[in-house]
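Since the structure comes first, as structure tokens, the remarks are kept for the end.
Read-outs throughout are calculated quantities, based only on the coordinates presented, and are distinct from any laboratory measurement. The shown structure was predicted, so the numbers you read here are calculated from the model rather than taken from an experiment. Every residue, glycine among them, receives a Cβ derived from its backbone with ideal geometry; neighbour counts consider all protein chains shown.
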Amino acid sequence: MFTLKKESGFDQVGSYDQDTINGFDEQLINQMLKLVDPERVENVLDAMAGDGNLSKRLHQYCLTHQIRCPKLFVLEYSSVQAEFARKKLSDAKAEVIWGDVLTMSSRDSQISIPENSFDRVMIKSSNHEIPRSRQLDLYSSIYRVLQPGGIFVNLGMLFDDPEERDELRGIARVKDTFANMKDVADNRHFLTKEELYGWLTEAGFVDIQSEQSFNYNINSSIVAQQYFAENERIRSDLEHQAAQAKAHKMRLNGRIHFDRDTSLMVCPGEITIARKPISK
Ligand SMILES: C[S@@+](CC[C@H](N)C(=O)[O-])C[C@H]1O[C@@H](n2cnc3c(N)ncnc32)[C@H](O)[C@@H]1O
């Protein structure tokens, strides 16, 4: 069973750059921000926000396009990452909550987010951190805090093939173990499209659709640099690549390429949107 722990693996990892690890370009993030449509909304929640990089980009997007920035709320489970977010967003007047997306409350119980609070909830590269047994709770929780008519914008890995997904799960477990992120290694659940669309529907969402398909391009040397301790880096990197070498279906489908001492892993991703209906 999933239990809340005092420490989180994302306390352990410290400062890191999620988008660089995943090989994202600026166009992809801009596409996500366009879908959030900041010009038309008042309140936006960046849930499972890490160091607040997406909210920072949203704020910059508004400045560049000379539009009024909506009020930004940033929710993050790791106290270390929440502190990074506070610093990163000091100019953006964002409210940073050190909290749990499953309860939509702060971990010190001072804040509980009321229902119907936001026009938009956005999540980038994070829904796979929630264990399978709590996935429906995640989307129900997002549904609850969205206003009727509000939109959930999710950017994440999404597999058609459960066999490939299971292989990635095995690779990630090795990487997270060597990165000393035990809770992450235990909890992670990468999703198939069937699962995500099914759980969103069950939570009450309508108009669920893919807005963009793209690839995660994960380079092993960047993973090693960002996640593994220096004195263990080469050994951990080799174990990570050894796990990739065993992923038969992913290799067969051209998702893992080895070159000299590095690898490139290509995983399917999607920006998905879903709407909370105006009336039930
Ligand atoms: C892979 S990181 C991505 C962070 C950020 N969205 C980004 O793209 O850089 C996943 C984040 O989800 C956070 N997280 C995990 N479980 C959470 C929960 N129950 N509530 C809130 N945040 C959570 C982790 O602490 C971590 O910072």
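Please tell me the relative contact order of the chain in percent, rounded to the nearest whole number, where contacts are Cα pairs under 8 Å and at least six residues apart. Intermediate results must be reported in sequence, preceding the final value.
Details: 522 pairs, mean separation 58.0, N = 280.
Relative CO of the chain lands at 21 percent.
Determine, from the Cβ-Cβ distance of S90 and N116 and an R0 of 30 Å, the FRET efficiency 1/(1 + (r/R0)^6), rounded to the nearest 0.05. Show your work: numbers first, answer last.
Values: r = 28 Å, r/R0 = 0.95.
For R0 = 30 Å, the calculated efficiency reads 0.60.
How big is the antiparallel share of DSSP beta bridges in the chain, given as a percent to the nearest 5? Mind dumping the intermediate values first?
Working: 25 of 44 bridges.
Just about 55 percent of them are antiparallel.
Once you measure Cβ to Cβ distances between cysteines in the chain, which Cys have no partner under 4.7 Å?
That list is C267.
So if the hydrodynamic radius of segment 23-72 is defined as the Kirkwood radius over C-alpha pairs, what does Stokes-Einstein give as its diffusion coefficient at 25 °C and 0.890 mPa s, in µm² per second?
Numbers: Rh = 11.1 Å.
Calculated translational D: 220 µm²/s.
Given H placed 1.01 Å from N in the peptide plane, which residues other than close sequence neighbours of S117 have an amide H under 5 Å from its amide H?
Excluding prolines and chain starts, which carry no amide H, the hits are L146, Q147.
Considering every Cα-Cα pair within segment 100-150, what fraction, in whole percent, is farther apart than 13 Å?
Values: 760 of 1275 pairs.
Counting every Cα pair in segment 100-150, those more than 13 Å apart make up 60 percent.
For helix 135-145, report the angle its Cα long axis makes with the longest principal axis of the Cα atoms of the chain; keep it between 0 and 90° and round to the nearest 10°.
20
Could you give me the radius of gyration and the Dmax of the chain, taking only the C-alpha atoms into account and expressing both in angstrom?
Expressed in Å, the Cα Rg and Dmax of the chain come to 18.3, 57.
Over the Cα atoms of segment 60-189, what radius of gyration and what Dmax do you get, in Å?
16.4, 46
Can you compute the label reach from L238? Point 7 Å from Cα along the Cβ direction, backbone N cut-off under 11 Å, restricted to segment 164-182.
So the set is empty, nothing qualifies.
Between E163 and S279, what's the calculated FRET efficiency when r is the beta-carbon distance and R0 is 25 Å? Round to 0.05.
Working: r = 41 Å, r/R0 = 1.63.
After rounding, the FRET efficiency stands at 0.05.
Please report the projected area of segment 58-135's Cα convex hull averaged over all directions, in nm².
Numbers: hull surface 24.6 nm².
Mean projected area for segment 58-135: 6.1 nm², to one decimal.
Please work out, to two decimal places, the log10 of the ratio I(q)/I(0) at q = 0.20 Å⁻¹ from a Debye calculation in which every Cα of segment 144-192 carries one identical scatterer.
Rounded to two decimals, the profile gives -0.74.
Could you state the angle between the C-alpha long axis of helix 233-245 and the longest principal axis of the C-alpha atoms of the chain, as a value from 0 to 90 degrees rounded to the nearest 10?
Between helix and principal axis, roughly 90 degrees.
Work out the length of the dipole vector of the chain about its Cα centre, built from +1 on the beta-carbon of each Lys and Arg and -1 on the beta-carbon of each Asp and Glu, and round it to the nearest 20 debye. Provide the component values of the computation, followed by the final result.
Details: 35 positive and 42 negative charges, 58 e Å.
That gives the chain a dipole magnitude of about 280 debye.
Any idea what diffusion coefficient segment 124-280 gets from Stokes-Einstein, in µm²/s, Kirkwood Rh on alpha carbon pairs, 4 °C, 1.567 mPa s? Working shown, then result.
On the way: Rh = 16.7 Å.
Once the numbers are plugged in, D ends up at 78 µm²/s.
Non-local amide H neighbours of L158 (under 5 Å, H modeled in plane, Pro and chain starts lacking H): which ones?
Result for L158 returns G269, E270.
Based solely on its DSSP helices, what 222 nm [θ] is calculated for the chain when runs of n ≥ 4 H residues each add -39,500 (n - 2.57) and the sum is averaged over all residues, nearest 500 deg cm²/dmol?
On the way: 12 runs with 113 residues, N = 280.
Value at 222 nm, helices only, nearest 500: -11500 deg cm²/dmol.
For the Cα atoms of the chain, what angle does the longest principal axis make with the long axis of helix 26-36, in degrees from 0 to 90, nearest 10?
Relative to the chain, helix 26-36 is tipped by roughly 30 degrees.
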